[in-house]
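Below is one structure, written out as structure tokens, with a few remarks after it.
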Amino acid sequence: MNGLHVYQIKVHNKYTMEDFDEDLRTVLRRSGCKGDKIVFIMDESNVLDSGFLERMNTLLANGEVPGLFEGDEYITLCTQIKEGAQKAGLMLDSNEELYKWFTQQVMLNLHIVFTMNPVETA
């Protein structure tokens, strides 16, 4: 699809908010650290909880989902961001600079598509 990688969540009957968060982490790492250009397709039938939409809204507005990377995950993410920034020829030192660059890369590389089914009229 025009040089973009397509990512779509695979919802099943035991799919939870934690599964969704893990999918978001994967997409954000790929688009923010590796520079992959991604189309994240989300169908309305995949929205199992209002929290899904809240996270997507925050991601669209800010290029991040607060609290998604915490503790060891955040430290690992910063290492991955630093590697990506170095490949781009940047020397960023502080975690704040790294995270700012990360969110900029997410906003540049991640495209979100919501699909909805039309309402049937009787």
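All of the numbers you see were taken from the coordinates with simple rules; none came from a lab. Note that the coordinates shown come from a computational prediction; the quantities given were computed from them, not determined experimentally. Please note: Cβ atoms are built from the backbone with ideal geometry, for glycine as well, and neighbour counts cover all protein chains shown.
Local charge for residue 61 was computed over the other residues whose Cβ lies under 15 Å away, with Lys and Arg +1 and Asp and Glu -1, and equals -1. Cross-link partners for residue 87 among the lysines, with Cα-Cα distance under 17 Å and sequence neighbours closer than 8 places in the same chain left out: 34, 37, 100.
Per q in 0.11, 0.14, 0.15, 0.17 1/Å, what log10 I(q)/I(0) does a Debye calculation on the alpha-carbon atoms of the chain return? Treating every Cα as an identical point scatterer, log10 I(q)/I(0) equals -0.40, -0.62, -0.70, -0.87. The dipole here belongs to the chain: it is taken about the Cα centre, uses +1 on the Cβ of Lys and Arg and -1 on the Cβ of Asp and Glu, and is about 520 debye. Just name one of 40, 4, 24: the one whose Cα is farthest towards the positive end of the charge dipole of the chain (beta-carbon charges, Lys/Arg +1, Asp/Glu -1). Most positive-ward Cα: 4.
Length gained on full extension, residue 54 to residue 34, computed as 0.36 nm times the residue gap minus the Cα-Cα distance: 4.7 nm. Taking 7 Å steps out from each Cα toward its Cβ at residue 112 and residue 93 produces label points 3.4 nm apart. Here the sum of -39500 (n - 2.57) over DSSP H runs of 4 or more residues, divided by the residues of the chain, equals -16000 deg cm²/dmol at 222 nm, to the nearest 500. The Cβ shell under 11 Å around residue 82 holds other residues with a net charge of -2, Lys and Arg each +1, Asp and Glu each -1. For every other residue with a beta carbon closer than 12 angstrom to the beta carbon of residue 105, add +1 if it is Lys or Arg and -1 if Asp or Glu, then tell me the sum. Within the 12 Å Cβ shell, the charges total +4.
Between the alpha-carbon centres of segment 12-35 and segment 47-90 there is a gap of 9 Å.
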